[in-house]
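Reviewing the structure listed below.
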Amino acid sequence: LTHFVASIPKANARWTAGDALDRVLDKFSGDIVQAVQALKESKPARTPELLGALQALRASFSACAEYCSPATASSASATSLKFPFTRADRQVRDVLGFLYPDLVGALPPTVTGRRSGADGGIQIDVAKMQNVPIESFHLGSSSLKFPRLLNGLWQLSSPAWGSGSAESQEAALALLVETGLGAADMADHYGDAELIYGDFRSRLPAEIQETVYAATKWCIFGPLGQPVTTEFVLDGVKERARRLGGRVDLLQFHWYDYSAKEYLDILVELVRATKTHPHLVAAIGLCNFDAEHTEEACRYILDKTSEVGLVSNQVQV
């Protein structure tokens, strides 16, 4: 991967938005995202060799960004070069923080291309937002007012639907917000979905950020290998809040085996986290639970906390 990225400046490659090479580079950036996601989920040994390889890949992104920058362009025509690896660098930066948490404070910011606004913010037409009648509802007993329709980011879990640039994704999300669809559903294993949405939301005007909601998931696909503790569950919440750059408005829990009853204690701890750490997570829901085990979970949480605590169950149909 590093060799490919480093070869771009060496080859003096040129491209314009939408041409064949631009599309190839966007696809390659998406492939890096998927490769790094697989690395995250495999939880590899945190060796110095792996650290060096990831840092070298980030260095190649920085060199490519410098090559694309108008400040280093050799001609006026070169100013149209678009940096193609914002998504890839953001994902690699995240895996470095995930695998080597002691480095988080020292990691350089994500390498980006041009931004929508002059200050790096995203421009939203507020007048359009105010003129769109979208049905909304309160999420449980919370004050959060979700639109009835959410934008799903499942397609980011695979390049089978194609790969978009950071700029095109940003423009699409901005259009959704302007049309009243200010909530998105994603998951921890949907590629870089949480990072994309978190970066997008963080650069919206402050008054609009408060109306843009993130629903994500905590998906556990195998045995825990450790006891359920408050610290373990809170670490899971913090990981998702970190990628989203702020509060998880709805955290939906997916479990692999109903006969493994640890999931009940995890749900209790998640519901408690909405009270002890509301700045990290606002509400808890389920993902693909059947009726029997939804009832089991509600009764168990009610017994432990004196409230049902769950606000939703997302069921795939």
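Gly198: more than 25 Å from Ile32 (Cα to Cα), touching a strand residue (DSSP E or B) at 6+ places or on another chain (Cβ under 9 Å) and not polar (S, T, N, Q), yes or no? For Gly198, the condition - more than 25 Å from Ile32 (Cα to Cα), touching a strand residue (DSSP E or B) at 6+ places or on another chain (Cβ under 9 Å) and not polar (S, T, N, Q) - is not met.
I'm checking my understanding of the structure. Among residues of region 171-190 that are modelled with pLDDT of 95 or more and not hydrophobic (A, V, I, L, M, F, W, C), which one is farthest from the chain's Cα centre (by Cα)? Ranking the candidates gives Asp185 first.
When you scan region 2-50, how many residues do you find that are of a type outside the set (Gly, Ala, Ser) and under 22 Å from the mean Cα position of the chain (by Cα)? Steps first, please.
Restricting attention to region 2-50, the residues satisfying the condition of being of a type outside the set (Gly, Ala, Ser) are 2-5, 8-10, 12, 14-16, 19, 21-28, 31-34, 36-37, 39-41, 43-44, 46-50.
Still in the running and under 22 Å from the mean Cα position of the chain (by Cα): 25-28, 31-34, 36-37, 39-41, 43-44.
Adding up the residues that qualify gives 15.
Hey, does region 283-294 have a residue that's closer than 30 Å to Pro109 by Cβ, touching a Leu at 6+ places or on another chain (Cβ under 8 Å), among the β-branched types (Val, Ile, Thr) and crowded, with 21+ Cβ neighbours inside 10 Å? Scanning region 283-294, I find no residue that is closer than 30 Å to Pro109 by Cβ, touching a Leu at 6+ places or on another chain (Cβ under 8 Å), among the β-branched types (Val, Ile, Thr) and crowded, with 21+ Cβ neighbours inside 10 Å, so the answer is no. Closer than 21 Å to Arg247 by Cα, buried (at least 16 other Cβ atoms within 10 Å of the Cβ), in the same structural domain as Lys40 (by TED's automatic domain parsing) and modelled with pLDDT under 95, is that true of Phe146? No; evaluated as a whole, the condition is false for this residue.
One residue is enough: does region 86-94 have a residue meeting the conditions among the hydrophobic types (A, V, I, L, M, F, W, C) and either crowded, with 17+ Cβ neighbours inside 10 Å or modelled with pLDDT of 95 or more (or both)? Spell out the reasoning first.
The first filter runs over region 86-94 and keeps only residues among the hydrophobic types (A, V, I, L, M, F, W, C), leaving 88, 92.
In the following step, the residues that additionally are either crowded, with 17+ Cβ neighbours inside 10 Å or modelled with pLDDT of 95 or more (or both) were identified as 88, 92.
Within region 86-94, one or more residues are among the hydrophobic types (A, V, I, L, M, F, W, C) and either crowded, with 17+ Cβ neighbours inside 10 Å or modelled with pLDDT of 95 or more (or both).
So, Lys238, is that one surrounded by fewer than 18 Cβ atoms within 10 Å (Cβ to Cβ) and either within 20 Å of the chain's Cα centre (by Cα) or not assigned by TED's automatic domain parsing to the domain that holds Leu96 (or both) or not? For Lys238, the condition - surrounded by fewer than 18 Cβ atoms within 10 Å (Cβ to Cβ) and either within 20 Å of the chain's Cα centre (by Cα) or not assigned by TED's automatic domain parsing to the domain that holds Leu96 (or both) - is met.
Remark: pairs (first residue in region 1-16, more than 16 Å from Ala53 (Cα to Cα); second residue assigned to a helix (DSSP H, G or I); Cβ separation under 6 Å; 6+ apart in sequence or on different chains) = Ile8/Cys64; Pro9/Tyr67; Trp15/Leu21; Trp15/Asp22; Thr16/Ser80.
Would you mention how many residues in region 259-292 are at negative phi and either assigned to a helix (DSSP H, G or I) or touching a His at 6+ places or on another chain (Cβ under 9 Å) (or both)? Steps first, answer last, please.
Kept after step one, since they are at negative phi, are these residues of region 259-292: 259-287, 289-292.
Okay, now just the ones that are also either assigned to a helix (DSSP H, G or I) or touching a His at 6+ places or on another chain (Cβ under 9 Å) (or both), so 262-276, 286-287, 289, 291-292.
So the answer is 20.
The values are calculated or read from the model by the stated rules, or taken from the named source; none is laboratory data. Computed from a predicted model, the values in this text were never measured in an experiment. Note that each Cβ is placed from the backbone with ideal geometry, even for glycine, and that neighbours are counted across all protein chains shown.
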